[in-house]
């Protein structure tokens, strides 16, 4: 029986960890037409949730994520503090990484879906009528999975058949679709690819997914995580603070998959070959970078900003899972009421892979 209320974490505004409020009296959402209700089994922790909480997407913020990750930033413009630029409404139940089971359906959805184990596409296009380059993120423009139940469009809720546990499946939607989206946009094939931030959720996904495409992968991470990143498939691992031109040589890389940006960013263009491609979906070391435009045009480089994802990106991820071609690394799990601890550990970046929250499986 589906209860009337549930345990959930409310984000009550932009700011520090104190803005995350764990409650046990939140109404269970009701699926509308074309929607399903999911009992959440596991929900991943990712940068998007932290960036949204602290208002890092606001142009008023110029520092890195870690600088405000726990306490927030003093200067945030609420009007542009979401990834989409549309102000958030509070309270909001966050998280784009949802794994669970369908327990009810709305009008127009076949009841045969009840009981399916599913993951939800994090970039929802149903609510924007599939307009190009528009989407909602579940957990941002609508409530997500830091709760016992959430609802989502049936057509963007994918049944998955595999032997993974729930925490592993919850590691897929945001991190892996972000990584696959960058590789898809840059048309990565059997070539040399440099991945920054390779020990994080998106970076570790990018290493695996680039290897799946036949790439020779050079990964950047801290020395303490080098062995773990090699185990993911990286062909070469360099210190994240290495002099890339000295280590690799100018024009030695076909594609850069960047999640870090920050002060070392100009080197990434230096090591790209003529006609090379650069794809980014993050800037954890800081969003403000210096570019020599001559490097861009004299080397005929292509720069890709990657947020929107073509429909095929998530569809392909499900195929990769079911074919046994990828598998995430889950570094740790936490009960949902320990969300602040999980985010603090995420910000400390001592782990490789993904951290996952587990909602209570009863209503006590």
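When 362, 310 are checked against the criterion of being over 17 Å from the mean Cα position of the chain (by Cα) and at negative phi, a single residue qualifies: 362.
Could you tell me whether residue 15 is assigned by TED's automatic domain parsing to the domain that holds residue 332, at positive phi and assigned to a loop (DSSP other than H, G, I, E, B)? Here the answer is yes, as residue 15 does meet what is asked. Quick one: count up the residues across the stretch 136-150 that are over 21 Å from residue 343 (Cβ atoms) and buried (at least 22 other Cβ atoms within 10 Å of the Cβ). The qualifying residues number 1. Has the stretch 47-56 got at least one residue that is within 19 Å of residue 145 (Cβ to Cβ) and part of a loop (DSSP other than H, G, I, E, B)? Within the stretch 47-56, not a single residue is within 19 Å of residue 145 (Cβ to Cβ) and part of a loop (DSSP other than H, G, I, E, B).
Checking each residue in the stretch 143-166 for being within 17 Å of residue 49 (Cβ to Cβ) and touching a helix residue (DSSP H, G or I) at 6+ places or on another chain (Cβ under 7 Å) picks out only 146. Against the test of being within 30 Å of residue 282 (Cβ to Cβ), assigned to a loop (DSSP other than H, G, I, E, B), touching a residue at least 60 places away in the same chain (Cβ under 8 Å) and in contact with a strand residue (DSSP E or B) (Cβ under 6 Å, 6 or more places away or on another chain), the options 9, 95 yield a single qualifying residue, 95. Checking the condition at pLDDT below 95 and either closer than 12 Å to residue 119 by Cα or within 16 Å of the chain's Cα centre (by Cα) (or both), which residue from 134, 141 passes? That would be 141, the only listed residue that is at pLDDT below 95 and either closer than 12 Å to residue 119 by Cα or within 16 Å of the chain's Cα centre (by Cα) (or both). Per this entry, residue 226 is not counted among residues that are crowded, with 18+ Cβ neighbours inside 10 Å, touching a helix residue (DSSP H, G or I) at 6+ places or on another chain (Cβ under 9 Å), modelled with pLDDT of 95 or more and not in a loop (DSSP other than H, G, I, E, B). Note on the stretch 206-223: residues that are within 19 Å of the chain's Cα centre (by Cα) and assigned to a strand (DSSP E or B) amount to 3. Answer yes if at least one residue in the stretch 73-91 is in contact with a strand residue (DSSP E or B) (Cβ under 6 Å, 6 or more places away or on another chain), surrounded by 16 or more Cβ atoms within 10 Å (Cβ to Cβ), assigned to a strand (DSSP E or B) and at pLDDT 80 or above, and no otherwise. No, the stretch 73-91 has no match at all.
With respect to the conditions (1) surrounded by fewer than 24 Cβ atoms within 10 Å (Cβ to Cβ); (2) within 20 Å of the chain's Cα centre (by Cα), residue 198 falls short on a single one, namely (1).
When residue 241 is tested against (1) closer than 24 Å to residue 302 by Cβ; (2) more than 23 Å from the chain's Cα centre (by Cα); (3) free of Cβ contacts under 8 Å to residues at least 60 places away in the same chain, just one condition goes unmet, and that condition is (1).
Of the residues making up the stretch 25-46, those that are in contact (Cβ under 8 Å) with a residue 24 or more places away in the chain and part of a strand (DSSP E or B) are 26, 35, 36, 37, 38, 39, 40, 41, 42, 43, 44, 45.
The values are calculated or read from the model by the stated rules, or taken from the named source; none is laboratory data. Everything numeric in this text was worked out from a predicted model, so none of it was measured. All Cβ positions, glycine included, derive from the backbone under ideal geometry; neighbour counts span all protein chains shown.
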